[in-house]
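Bear in mind that the values in this text are calculations on the coordinates, not laboratory data. None of these values were measured; they are calculated from a predicted model. Note: ideal-geometry Cβ built from the backbone for every residue, glycine included; neighbour counts use all protein chains shown.
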Amino acid sequence: FLHNEVPAGLRRLPGPKPLPIIGNVLELGSRPYLSLTEMAKRYGHVFQIQIGMRPVVVLSGNEMVRQALIKQGEDFAGRPDLYSFQFVNDGKSLAFSTDQAGVWRARRKLAMSALRSFSTLEGTSPEYSCMLEEHIRKEGDYLVKQLTDVMEADSSFDPFRHIVVSVANVICGMCFGRRYGHEDQELLGLVNLSDEFGKVVGSGNPVDFIPVLRFLPSVTMKKFRDINTRFTAFIQKIVSDHYNTYDKDNIRDITDSLIDHCEDRKLDENSNIQMSDEKIVGIVNDLFGAGFDTISTGLSWAVMYLVAHPEIQERLHQELKDKVGLDRSPVLSDKPNLPILEAFILEIFRHSSFLPFTIPHCTTKNTSLDGYFIPKDTCVFINQWQINHDPELWKEPSTFNPDRFLSADGTELKKLEGEKVMVFGMGKRRCIGELIARNEVYLFLAILVQRLHFHAVPGEPLDMTPEYGLTMKHKRCQLRATLRTRTTK
Ligand code: HEM
């Protein structure tokens, strides 16, 4: 077995003893971020478990993860060939596929540049500082209206159900130049079914590691395949409409800009990376998928925390009232003046750690970490939850306390503390949507807190238990909101 051969001078990885066939699956349990945090206390910040027959290295601790993903970034930049990943974006995903380093790098660069251009593009009127701000402010206004309409009709609402449509519309605007109504069944059917996606691709799903399980009937796996098929079909239809109406002199959105790149490349005799048009235009699938599920999960958690901590909700509203006022909408440039809101968002990221692990990594060559030998092609889990709850880094880590990110007088954000929170990964595979995500969570939340007061349905206790997955969601629930008084528009 690969791991039996340890080169001279290096040590064998510590870890729990695996059982035959299933390995350490039982110890992993249904909340692997907690069980692996416990194991790190026993075995250290780098250890090995076995899931089925496959060894998996687990990294924890800010320093160890930094060492692996930044200082030895190349060695840890791969993705493992996990069973479930082959269904994502038809096996051609930028985030989940085992693309060779050159192809992945070229696609990542293209994706970053497309995202950057279409978020920073000028808005349609000077009232908006950029296209991203325009999309979020318009969707934020629709969302406030939608929630008050639903409140009037049904006297409560499911926060995720509505937030996800608004967030999907922002990325739809940038990727496809269009938006959908809150009752659009095509979009709703797609975005409201994203739970199974996260459940299957979350780190440590036994189906990925124990081949025999693939042959057992599984409702979750069937739903997962269905979601991926529907997702790809939805995007393929939009992409083919774009091909039919493509005009080189009028690049409307990210899809057009990727098509344009394919056209340019055909003329470029020096281009040395071989990539199909499908792999280029398919990038839009990743951007759309990553762009709505993560942000809507984060925002939905934010609303839950507002309801769970009414005194913090009032402080946030007061801050908006003092710094922005109530007679204009908040904008991106207000962000530095709203430190309590920024601290609240950082504390949601830290406390919920709703992406408890990054997407699994894989070593690209034989390497070593902290004196331990790690062979090429080893699957690596990065435990972000552990870093965000490490008592070495945080005082009372299980307490929800945004003040930990504020100066003693509450007027300034402690930027260095904020940088310790890990939700976007780090190094070569770090999230490429981070800036957009941070701006989007901030601006949607500022708009919501300025205009609405959220509260629980009397008699219905708030359930903050996360459901494990790549993105952890709270259970679907009903909440209430009341419109705050406002002088003008
Ligand atoms: C990767 C977090 C929003 C696009 C990732 C990773 C994490 C993450 C943890 C994996 C890093 C790793 O494997 O080491 C988040 C969070 C978000 C968010 C918490 C929102 C709050 C977005 C948005 C987009 C995006 C808005 C695009 C529009 C991507 C892509 C990757 C990625 C394409 C794969 C990068 C690669 O494999 O090279 N994100 N993300 N994400 N994210 Fe995000």
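Listing for the model above:
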{"quantity": "Whole-Å distance, taken between Cα centres, linking the stretch 124-148 and the stretch 434-489", "calculated": "17"}
{"quantity": "Segment R12-K365, extension gain: residue separation times 0.36 nm, minus the distance between their alpha carbons", "calculated": "125.4 nm"}
{"quantity": "Amide H within-cut-off set for G78, under 5 Å, with H built and near neighbours excluded", "calculated": "C362, T364"}
{"quantity": "Radius of gyration and maximum dimension Dmax of the stretch 210-268, Cα, Å", "calculated": "18.0, 53"}
{"quantity": "Sequence-distant residues sharing a close amide H with L369 (under 5 Å, placed H)", "calculated": "I374"}
{"quantity": "Average Cα contact separation per residue, the chain, under 8 Å, 6 or more apart, as relative contact order %", "calculated": "24"}
{"quantity": "Relative contact order (%) - criterion: Cα under 8 Å, at least six apart; region: the stretch 38-126", "calculated": "13"}
{"quantity": "Translational diffusion coefficient (Stokes-Einstein; Kirkwood radius from C-alpha pairs) of the stretch 375-440 at 20 °C, 1.002 mPa s, in µm²/s", "calculated": "151"}
{"quantity": "Computed log₁₀ I(q)/I(0) - Debye formula, equal Cα scatterers, no solvent, the stretch 86-130, q 0.15 Å⁻¹", "calculated": "-0.53"}
{"quantity": "K71 paired with R116, simple spin-label distance in nm, labels 7 Å along Cα-to-beta-carbon", "calculated": "2.9"}
{"quantity": "Pairwise label distance in nanometres, S407 with M53, each label 7 Å out on the Cα-Cβ vector", "calculated": "6.1"}
{"quantity": "Karplus 3J(HN,Hα) series, Hz, for the stretch 309-317 with 6.51 cos²θ - 1.76 cosθ + 1.60 (x for Gly, Pro)", "calculated": "10, x, 5, 6, 4, 5, 4, 5, 5"}
{"quantity": "Full-stretch length increase - K237, T399 - with 0.36 nm per residue and alpha-carbon distance subtracted", "calculated": "53.7 nm"}
{"quantity": "Solvent-free Debye scattering, log10 I(q)/I(0), computed from the Cα coordinates of the stretch 165-214 at q = 0.22, 0.24, 0.28, 0.29 Å⁻¹", "calculated": "-0.78, -0.85, -1.02, -1.06"}
{"quantity": "Gain upon complete extension [T148, L213; 0.36 nm per residue less C-alpha separation]", "calculated": "18.8 nm"}
{"quantity": "For the stretch 65-111, convex hull volume per residue from C-alpha positions, Å³", "calculated": "84"}
{"quantity": "Amide H partners (placed H, <5 Å) of K473, local residues excluded", "calculated": "E467"}
{"quantity": "Cα convex hull of the stretch 412-489, projected area averaged across orientations, nm²", "calculated": "8.5"}
{"quantity": "Per DSSP, loop GluC sites (Glu not before Pro) in the stretch 113-212 with at most 10 further Cβ within 10 Å", "calculated": "E183"}
{"quantity": "Percent breakdown of C-alpha pair distances by 10 Å bin, ordered from the shortest bin, for the stretch 283-345", "calculated": "19, 39, 30, 11, 1"}
{"quantity": "Cα gyration tensor shape of the stretch 347-489, rounded if a/c is under 1.5, else prolate or oblate by comparing a/b with b/c", "calculated": "prolate"}
{"quantity": "In Hz, Karplus ³J(HN,Hα) per residue of the stretch 435-449 (6.51, -1.76, 1.60; θ = phi - 60°; x = Gly, Pro)", "calculated": "5, 4, 4, 4, 5, 6, 4, 4, 6, 4, 5, 4, 5, 5, 5"}
{"quantity": "Beta bridges by DSSP in the chain, antiparallel share as percent, to the nearest 5", "calculated": "85"}
{"quantity": "J(HN,Hα) series, the stretch 24-40, from Karplus relation 6.51 cos²θ - 1.76 cosθ + 1.60, nearest Hz, glycine and proline x", "calculated": "9, 3, 5, 5, 5, x, 8, 10, x, 5, 7, 5, 6, 5, 4, 4, 4"}
{"quantity": "log10 of Debye I(q)/I(0), alpha-carbon scatterers only, for the chain at 0.10 Å⁻¹", "calculated": "-0.80"}
{"quantity": "Computed Rg/Rh of the stretch 1-108, alpha carbon atoms with Kirkwood Rh", "calculated": "0.99"}
{"quantity": "Relative compactness, the stretch 14-77, computed as alpha-carbon Rg over 2.2 N^0.38 Å", "calculated": "1.16"}
{"quantity": "The stretch 216-374 pair-distance distribution - Cα-Cα, 10 Å bins, rounded %", "calculated": "8, 20, 22, 26, 20, 5, 0"}
{"quantity": "Rg and Dmax of the stretch 1-45, Cα atoms only, in Å", "calculated": "12.7, 38"}
{"quantity": "Computed over the stretch 89-233: relative contact order in percent, which uses C-alpha pairs under 8 Å that are six or more apart", "calculated": "18"}
